[in-house]
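Read the structure below first, then the notes.
The values are calculated or read from the model by the stated rules, or taken from the named source; none is laboratory data. The structure presented is a predicted model; accordingly, all values stated were derived computationally and were not measured. FYI the Cβ positions are ideal-geometry reconstructions off the backbone, even for glycines, and counts take in every protein chain you see.
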């Protein structure tokens, strides 16, 4: 897994990571600009090599099938968000994931242009983890955001 984060990543039709280049500092306003067609505020990221293929390389669907960029319908934009129960439970899901989904579903034209991919990052036995084992967690806050670092995971060998 390459990332555990709250928020979302935006990719273009070719799977390139897009970065916001406008003036708004609120992610919600930035996101609405994209949905309204103000795509000139989003440019291909030059500061990273993240692609949608890289994000999906370890992703599985609910039936444990590998997911690739080609697994999804062709879209103008792909929006990827990570979520987990420990990111605020049901309230956190509503505020960070369901909100994006609702914004996309408000307009049929937007639904046709955007594919929304939700990746559950809850640690699971199906990943080869041993249930009931402990893992050291380290959480660091920097301003209004934080980083969660997991210690060595208990994986079946």
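Within the range 127-137, is there a residue that is in contact (Cβ under 8 Å) with a residue 60 or more places away in the chain and either closer than 22 Å to residue 9 by Cα or outside any strand (DSSP E or B) (or both)?
Looking for residues that are in contact (Cβ under 8 Å) with a residue 60 or more places away in the chain and either closer than 22 Å to residue 9 by Cα or outside any strand (DSSP E or B) (or both), one finds none in the range 127-137, hence no.
Looking at this structure, is residue 104 in a strand (DSSP E or B), buried (at least 16 other Cβ atoms within 10 Å of the Cβ), at pLDDT 85 or above and touching a strand residue (DSSP E or B) at 6+ places or on another chain (Cβ under 8 Å)?
Criteria not met by residue 104.
Tell me which residues, restricted to the range 85-94, are surrounded by fewer than 16 Cβ atoms within 10 Å (Cβ to Cβ) and under 24 Å from residue 57 (Cα atoms).
Matches in the range 85-94: 85, 86.
May I ask you to say which residue of 53, 41, 49 is assigned by TED's automatic domain parsing to the domain that holds residue 109, touching a helix residue (DSSP H, G or I) at 6+ places or on another chain (Cβ under 6 Å) and modelled with pLDDT under 90?
Checking each option against the conditions leaves just 41.
So if I check each of 114, 97, which one is assigned by TED's automatic domain parsing to the domain that holds residue 44, at negative phi, surrounded by 13 or more Cβ atoms within 10 Å (Cβ to Cβ) and modelled with pLDDT under 85?
Only one candidate qualifies: 97.
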